[in-house]
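Q: The structure that follows is given in the form of structure tokens.
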Amino acid sequence: IKRSFSSTSALNRQINSVTVIGSGLMGSGIAQVTAEAGYSVYLVDQNDTALNKALKTIETSLTRSTKKKFNKEPDHAVRYIKDTMDRIVTTTKVDAGAEKSDLIIEAIVENIQAKHDLFSKLDKISPNTTIFTSNTSSLPIAEIAEAVSRKDKFGGLHFFNPVPVMKLLEVIKTHETSDATYRTLLEYGLSIGKTTVECKDTPGFIVNRLLVPYMFEAVKMYERGDASFQDIDTAMKLGAGYPMGPFELIDYVGLDTTKFIVDGWKKRFPEDPTFQSSVVIDQLVAEGRLGRKSGEGFYNYKK
Ligand code: NAI
């Protein structure tokens, strides 16, 4: 298998084929970067509408990135896009990929029951060497792994949106993930050109554990009337050097997603004062102001 990154020379040869389940925002990006690195990819979703949308998203993303990469060689760009797309097989049948893949990356809805149903099925149909992972943002990996018997071959691969652009991959080890599995996951991360960080199975791993409470602290500041949200954004961008202010970030991530993450943590860790809810966020979500995706959150994105 040809890989597009030089850092892959020490690649663990155990992974050739990867199944990505859920072809939404995250799954489509994960399938793209995995195919770009030379792996054959099965991309699974519940219906063809979702899968066709994912293929379109991937093609648009590749067109944009290859324009820069192969600036003076448009033929190379066309070839690169075709080769990458050719490595992705879409299917609504989870069995197709599961029976052949060495690594499965789950990126379906953030719902423990849905994830359990999926993994208990996968555990029965996948070869016992296949490694299972979840891209969950807010659920403990070990809790998702309760649905399978291969707990030593279960870990977390937490990507960031947009997947083809964001360099980081958090690789999560539970108490039961074996060292061999973990090594393979780290090597997979490097092979797709990401920088990996090693995380334990704690709420929010590294990035969200720090970022989400920070975003809620900013909202609290605004709720108290200490500053306008625009000024808080300006302050953090110009004073702390952050590329986005906390309110721009909440709008980008989605107010519903942010609320969902904190509500889940609050339920699990009621004693921890870091995980607090917010009246303003609850209200905006109830009004359907979910951020960029709905056209309005703290800011208005409608033209
Ligand atoms: P999404 O809603 O864009 O995509 C989910 C996809 O999964 C949909 O296309 C849906 O049809 C499909 N799906 C649902 N149940 C399925 C099943 N049983 N079998 C096959 N396909 C199924 O969601 P998104 O944002 O891509 O999130 C997916 C996962 O990634 C969640 O666990 C989320 O917590 C996590 N995540 C999300 C990030 C984000 O910024 N949105 C960042 C990092 C992780």
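Q: For a quick check of your reading of the model, give me the residue pairs whose first member lies in the stretch 235-258 and is free of Cβ contacts under 8 Å to residues at least 12 places away in the same chain, whose second is assigned to a helix (DSSP H, G or I), with beta-carbon atoms closer than 6 Å and at least 6 apart or on different chains.
A: 242/236
Q: Out of 34, 63, report the one residue that is among the hydroxyl-bearing types (Ser, Thr, Tyr) and surrounded by 23 or more Cβ atoms within 10 Å (Cβ to Cβ).
A: Of the residues listed, the single one that is among the hydroxyl-bearing types (Ser, Thr, Tyr) and surrounded by 23 or more Cβ atoms within 10 Å (Cβ to Cβ) is 34.
Q: Can you name the number of the only condition in (1) within 14 Å of the ligand (Cβ to nearest atom); (2) not in a helix (DSSP H, G or I) that residue 143 fails?
A: Result: residue 143 passes all but (2).
Q: Please work out which residue is nearest to residue 35 (Cα to Cα), limiting yourself to the stretch 103-121 and to residues that are touching a residue at least 40 places away in the same chain (Cβ under 8 Å) and within 11 Å of the ligand (Cβ to nearest atom). Quick ask: steps written out before the conclusion?
A: Filtering the stretch 103-121 down to residues touching a residue at least 40 places away in the same chain (Cβ under 8 Å) leaves 103-110, 118.
Filter once more, keeping what is within 11 Å of the ligand (Cβ to nearest atom): 105-110, 118.
Details: 105: 13, 106: 16, 107: 16, 108: 19, 109: 22, 110: 24, 118: 23 Å.
Ranking the candidates gives 105 first.
Q: Something else now. Of the residues 184, 136, which is closer than 20 Å to residue 97 by Cβ and within 14 Å of the ligand (Cβ to nearest atom)? First the steps, then the outcome.
A: Numbers: 184 fails: within 14 Å of the ligand (Cβ to nearest atom).
Criteria check complete, one pass: 136.
Q: Checking the structure you have, find out if any residue of the stretch 66-87 is within 30 Å of residue 256 (Cβ to Cβ) and buried (at least 18 other Cβ atoms within 10 Å of the Cβ). So that I can check it myself, show each step before the final result.
A: Here is the first cut: in the stretch 66-87, the residues within 30 Å of residue 256 (Cβ to Cβ) are none.
Checked the stretch 66-87: no residue is within 30 Å of residue 256 (Cβ to Cβ) and buried (at least 18 other Cβ atoms within 10 Å of the Cβ).
Q: Out of curiosity, is residue 131 surrounded by 16 or more Cβ atoms within 10 Å (Cβ to Cβ), within 12 Å of the ligand (Cβ to nearest atom) and at negative phi?
A: Working: surrounded by 16 or more Cβ atoms within 10 Å (Cβ to Cβ): yes; within 12 Å of the ligand (Cβ to nearest atom): no; at negative phi: yes.
So residue 131 fails the test.
Q: Exactly one of these conditions fails for residue 41: (1) within 16 Å of the ligand (Cβ to nearest atom); (2) in a helix (DSSP H, G or I). Give me its number.
A: (2)
Every number in this text was worked out from the coordinates using simple rules, so none of it is lab data. These numbers come from a predicted model, not from an experiment. Heads up, the Cβs are rebuilt from the backbone with ideal geometry, glycines too, and the neighbour counts pull from every protein chain shown.
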